[in-house]
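These notes concern the structure reproduced below.
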Amino acid sequence: MTASTTSTGFTRAVLRAVEPVIFGHRAASLTVLALLTVFLAWNAAQLRPNAGWLKMVPQSHPYMQTFMQYYRDFGGANTVLIALKHHRGDIYQPIFMETLRRAEADVFNVPGVDRARVNSIFSPSILYIEVVEGGLAGENVIPSDYTPTPEMMARIRGNVAKANVIGRLVSEDQTTALIQLELLEADPQAGTMQAQAEAAKPLHQRLRQAWAQQDTMAARLEAVGELLMRNQDPHAGLDYVKVGAALEAIRARYETDDISVHIVGFAKVVDDMTRASLQVAGFFLVALLAMGLLLWFYVGSLPLALLVVGTSLVACIWELGLLRLVGYGLDPFALLVPFLIMSVSVSHGVQYVSAWAGEISERGASNRQAALATFRSLAIPGVVALLTDIAGFGTIYLIDIQIIREMSINAVFGMLGVIVVNKMLLPIVLSYVRLPDVEGFRQAQAKRDRFGESLFRRMAALTRRGPATAVLLVCAALAVYGLVQYPKVRIGDTTEGVPELRPDSRFNQDARAIAANFAMGVDHLKVIGESFEDGCIDYAVMSEMDRFSWYLKNQEGVRDVLSLIELAKLANSGLNEGRLDAERLPRAPQALAQITALVPTTTGFLTDTCDALALFVFTTDHKAETITALTDAVQRYVAELQVDRRVDLRLASGNIGVMAATNEEVRRNEIPVIAWVYAAIALFLWASFRTRSGVLCVILPLSLVTLLGYSLMVALDIGQKVATLPVLALATGIGVDYGIYSYSVIAAGLRRGLSLEEAYFQKMRTTGKATLFTGAGLSIGVAMWTFSELQFQRDMGVLLVFAFIANMIGAIVVIPALAHFLGHEERRHANRDLTAGADDAVPGP
């Protein structure tokens, strides 16, 4: 540190209020913080995974309003498909049919299943109608007198051919049969006396029961793990861990060498992600261990390294404890947030411990004096950086998607934890830390300080006009490249399978198997045609729906379209001796009433009063371009081709409709969220430095990193969606920390009268080294995510490694280049010390 200068009245006032609490009553403050940490740790231990399908969608979007309005009539989008494939012939084998029958019976016991919406060829609602000599005849595809005999198999084969289910419930080659089910958002058995009684049992008793009910060690560990991951609130939403376990039990029970079982659906995705969360926790611990080892090397003291690691864990405990305290769980999509909190905490802890060690080694300060001096120099810029993070994380709450709002709240709680831990707990603990060999530590610290000084001297040339101009020209070229690439960022999924899981995952293999065998896959859009009561016996209405159905069948990316129209045409043909020319809609209301009456409302094609019809549009995939093209086609038909305006064609239901709503919400909020994040950052930067140079020197490198982050998404074919939208916004918090710490040292040096080159050199000897270390350490930790079973975590890992390294380069290379052209403004604030009187904490010699 240099000679003391006059600090601002504001920072002095803040420190006069805070210092007595932290340093004047250290023991009392430490006791209170310790008790609060224990309390929040207990709450964090009660936190359970809490995924929900409706949390992933924008419930106020017009598409979702349509979805919720007709949920009971036409079903939802939380669909699960179970396909049984016979590898030794077709499905018309007694053994296979018995397997399919028993599997469908087991499906009714899956938690949260809507039993009215379970379909397979064994369902009583699946029937056929044919023309016979006396008129019409029909029965269930699986006769009521079913027995697994060869004669019955031949009869079922004929029924399937007549029932129009090939491609829907039976594959084209007739080797695979499908069971389709829909899940409710809440388990109907939750809240029952039995569920409440089970949840009321002590956890240790339930764990002991789960352990005792299994025979093998592997099964016992799995049962205990499932119980620990389960949400124990009997009134909570559907427990996807239980759903996944039930589905996997069906697979294990019926999959043999001759029959394979394939399962897809949102519930299975969430279950796979939740089970992989243990691996995520492993990566978290590996990153923490790597940071601890690097800290040991950097600081030169194992206790100090463990102190930074320990306080980072405490910050995460505060985050998770506060989250549980306000009634939230931890969604699998929010697993990124605790790691970010740990990263931010380590970043601030490294800066603090490094400065504390510098006070001892360079100025001969005692542990308490060093803690006080470090607190005065870093408290204000550190808290401003964290408040900037809070403001930035808080802005993503503006996105009307519950999971993103939960991530926002989660991150804000984490930042509050970092403020308490790094700006209160860590200074107090450091004031008690006594180094056993102070002189030896000083000598070792002096050697580490000299390490890289020659390099830092050469790097100080970046503050000169020539190198600074070259750096900014390169940045300008990169910014132009980023602006050119930004429009290429795709909103939504970019792959055919589920992007949250790796392409070679069992789920995505199952998805490809089902898509290859069925026209009716899990990807479907429902368009609702509203008219008036008994609208399905009005020829003009039915004709409009027929034209619309034909129009959609001819759109690229559409496999098939099913609706009341197709079934009514088949019924009309049957009533007219099966003539092909009668496969059309009759004009007479009485004839329409006769043929539509043959289609029950349980099919999900029409309402009870026939005032709304649903068109099921099955798509080839759920890629962003497929969804956009399809919704645009519907809107184009309504605007240009629709004839009967009494029919209101409303988007949308089905999982494609939900994805379309989500993609539109992401597209609508992407720019505003980033704008609000940067507006909040700019506001806090101005409050911190009160100079335009302070704002621009920090925010311009951040903006460049964000632009290049979008370019990286384009290069890696990563779509902008719910899972990735918050990543760059959250990662900006790391860049803010780097930028504020780096620029504050440069600005303080300029205000003390140092040259820009000398101020930059001093910055590199202190915060610069810490920035290099933190960026490298965090990047190593996040790089481990590339081995994750979760594809979205791998994508996030790549984006975060880029953000850590790019922000580190921005703080070390770009900020000094900008300061050459803008930093002269700081000299006008001479004798206004940004370190808030840190020099006064250590008496002069």
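Could you order the peptides 472-479, 707-714 from most to least packed, using the average number of other C-beta atoms within 10 Å per residue? Display every interim value, and only then the final one.
Numbers: 472-479: 14.0, 707-714: 20.2.
Ranked from most to least packed, the peptides come out as 707-714, 472-479.
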Going by the alpha-carbon gyration tensor, a ≥ b ≥ c the square roots of its eigenvalues, is segment 520-578 rounded (a/c under 1.5) or, if a/c is not under 1.5, prolate (a/b greater than b/c) versus oblate? oblate
Note, ³J(HN,Hα) from phi for segment 354-364, Karplus 6.51, -1.76, 1.60, rounded to Hz, x at Gly and Pro: 4, 5, 4, 5, x, 4, 6, 6, 9, 10, x
Estimated vicinal HN-Hα couplings, Hz - segment 708-718 in sequence order (Karplus 6.51, -1.76, 1.60; Gly, Pro = x): 5, x, 5, 4, 5, 4, 5, 5, 8, 6, 9
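Sorted by accessible area with a 1.4 angstrom probe, largest first, how do I674, I815 fall? Kindly include the intermediate steps, with their values, before the conclusion.
Details: I674 35, I815 5 Å².
Ranked list, largest accessible area first: I674, I815.
If you filter segment 507-579 for chymotrypsin sites (Phe, Trp or Tyr not before Pro), then keep DSSP loop positions with at most 14 other Cβ within 10 Å, what is left?
Details: sites: F507, F518, F532, Y539, F548, W550, Y551; in loops: F518, F532.
Counting only loop positions with at most 14 other Cβ atoms within 10 Å, the chymotrypsin sites (Phe, Trp or Tyr not before Pro) in segment 507-579 are F532.
How large, in percent, is the carbon and sulfur part of the accessible surface of segment 248-318 at a probe radius of 1.4 Å? Display every interim value, and only then the final one.
Details: 2060 of 2720 Å².
Result for segment 248-318: 76 percent of the exposed heavy-atom area is carbon or sulfur.
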So who's got an amide H within less than 5 Å of the one on L501, skipping anything under 5 residues away but keeping other chains? H placed 1.01 Å off N, in plane. Q791, F792
Protection proxy (average C-beta count within 10 Å per residue), highest first, orders 208-216, 302-310 as 302-310, 208-216
If R0 = 22 Å, then L641 and Y539, at their Cβ-Cβ distance, give a FRET efficiency to the nearest 0.05 of 0.75
Counting only residues 5 or more apart in sequence or on a different chain, those whose built amide H sits under 5 Å from that of D560 are F618
What is the packing order of peptides 617-623, 359-365, taking the mean over residues of other C-beta atoms within 10 Å and listing the highest first? 617-623, 359-365
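Rounded to the nearest percent, how much of the accessible area of segment 565-675 (1.4 Å probe, protein heavy atoms only) is carbon and sulfur?
Working: 2600 of 4790 Å².
That fraction is 54 percent.
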Å² per residue, accessible surface of segment 457-500 at 1.4 Å: 56
Under-5 Å amide H pairs with I121, H placed in peptide plane, nonlocal only: L178
From the backbone phi of segment 646-662, what are the Karplus-calculated ³J(HN,Hα) couplings (6.51 cos²θ - 1.76 cosθ + 1.60, θ = phi - 60°) in whole Hz, Gly and Pro given as x? 6, 8, 9, 8, 10, 8, 6, 10, x, 5, 5, x, 5, 5, 4, 5, 5
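The values are calculated or read from the model by the stated rules, or taken from the named source; none is laboratory data. It should be emphasised that the depicted structure is a prediction, and the values quoted were computed from it without experimental measurement. With ideal geometry, Cβ positions are generated from the backbone for all residues, glycine too; neighbour counts draw on all protein chains shown. The accessibility values were calculated without ligands, DNA or RNA, using every heavy atom of the protein model including side chains. Shrake-Rupley method; radii C 1.70, N 1.55, O 1.52, S 1.80 Å.
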